[in-house]
Amino acid sequence: MNPVSELFEKIDASIIKKVNLIESSYARYAARAILACLFLTLGTAIAFGTAMKAEEVAPGSGKFLYAFMFSWSLVMILFMNAELGTSNMLYMTVGVYRKKINIKKASKILFTCILFNLIGGIFFGYLISLTGTFQNLPADSFMFTSLADKLEKTTLQIFVEGIFANIVVNTAVLVSLRMKDDAGKVLAIIFIIFIFAFLGHEHVIANFPAFSLGYFASNGAMATMTASNLIHNLVFALLGNYVGGGLVIGMTYAWLNNTSTDYVD
C-alpha cells in the first residue's frame, strides 16, 4: 500500500466535499462560485483604487500597491470557502488521476465553477463600477492603462503568463493546506500571490471582474476592449491556467506522490 501524505489526504477530502456539494445542491455550489468573484471584485477594486491614488503621489508606485492589495482576494476566497475555477483545475485533475472522481463529474464541477465565476465577475464588476472611486476616471488612469496592456498581449504571452499565474495560485493553495496557523496562511498567501499580481500575469478568473469593472467604469469607451480582444485574452489565459494549475502543479505532484517509496510530499 502506497503511503499517502497529509497534504493529499486534505486534497482528496476537498474533492469529495465538492462532489457532495454539487450533487446535493447545485444552486449552493453555484452560489459559492459567484461568491468567489465577489471577493475577487473587492480585491481588484481596492487594488486599482490604491494604485490610482499612489500614482498621484508617487508615479511608478501603483504597481507595488496593486499587487499587495490584490493578494487579499485569495485570502478571502479560501477563508470564506468560495469556489474558484483556477484552483479547481488542480483539484479536478488530481481527482481524476487519483480515481476519486470520474472525468464527467470533474468536467461538470469545473465548467459550473468557471461559468458562475464569470457571472459573479460581471455582476459585481458592474456594481463596483457604480461606486464613487470609479466615477469619471481619466482615460490615462492606472486601471485603464493596465487593462489596455492586458488586451494588447500576444497569444503566446497570454498563454505563458497564464501558466505561471496558476502555478503561483495553486502553490499558494497547497501551501495554505499544509499550514495549521491562520496568520501564517495569510502571510504565505499574500506574498505568494504578490508574485503573479506584480508581474501582471494572466489569471482568467481575476480577469472576469477586472475587465467588467473597466468596461462599465469607462462606459464602454476603452478602444482596446473589443469582443475579439476579450475572447482572445480569456481563452488563452484559461488554457494557460489549466496547464499551470492542473498539469504542472496538480498532475506533477500527484504523480510524484504515486509511489511505493516512503517519501511523500
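Taken together, the values in this text are just the output of simple stated rules run on the coordinates, not laboratory data. This is a predicted model, so every value here is computed, not measured. Quick reminder, even Gly has a Cβ in these numbers, built from the backbone with ideal geometry, and neighbours come from all protein chains shown.
Using the structure shown, list the pairs from Lys17/Lys104; Lys53/Lys185; Lys105/Lys185; Lys18/Lys150 with a Cα-Cα distance above 21 Å, or answer none. Cα-Cα > 21 Å for Lys53/Lys185; Lys105/Lys185; Lys18/Lys150; rest within.
Ordered by the number of other Cβ atoms lying within 10 Å of each residue's own Cβ, fewest first, His203, His232 fall into the sequence His232, His203. By the count of other C-beta atoms within 10 Å, a proxy for reagent exposure, Ser228, Ser73 are ordered fewest to most as Ser228, Ser73. Summary of the geometry: the range 113-191 and the range 1-58, compared by the centres of their Cα atoms, lie 12 Å apart.
When each full DSSP H helix of the chain is screened for a Cα extent of at least 20 Å along its own axis and an average Kyte-Doolittle hydropathy of at least -1.0, the helices passing are 6-24, 26-57, 103-129, 155-178, 182-199, 227-241. Largest GNM mean-square fluctuation among Ile119, Ile205, Ile231, using the chain with Cα springs under 10 Å: Ile231. In the range 6-256, taking the dipole from charged Cβ atoms about the Cα centre, the farthest positive-side position among Thr86, Ile103, Ile119 is held by Ile103. The average projected area of the range 169-265, computed from the convex hull of its Cα atoms over all directions, is 8.0 nm². Please identify, among Asn117, Asn170, Asn229, the residue showing maximal mean-square fluctuation in a Gaussian network model of the chain using a 10 angstrom Cα cutoff. Answer for the Gaussian network model of the chain: Asn229. Taking 14 Å as the cut-off, the amide N atoms of the range 30-48 that come nearer than this to a point 7 Å along the Cα-to-beta-carbon line of Ile119 belong to 30-38.
Within the listed set Ile163, Ile109, Ile22, the residue fluctuating most in the Gaussian network model of the chain (springs between alpha-carbon atoms under 10 angstrom) is Ile22.
Panel order for Leu35, Leu147, by other beta carbons found within 10 Å of each beta carbon, from fewest to most: Leu35, Leu147. Calculate, for Leu127 and Leu21, the FRET efficiency according to 1/(1 + (r/R0)^6) with r their C-beta to C-beta distance and R0 30 Å; round to the nearest 0.05. Approximately 0.70, to the nearest 0.05.
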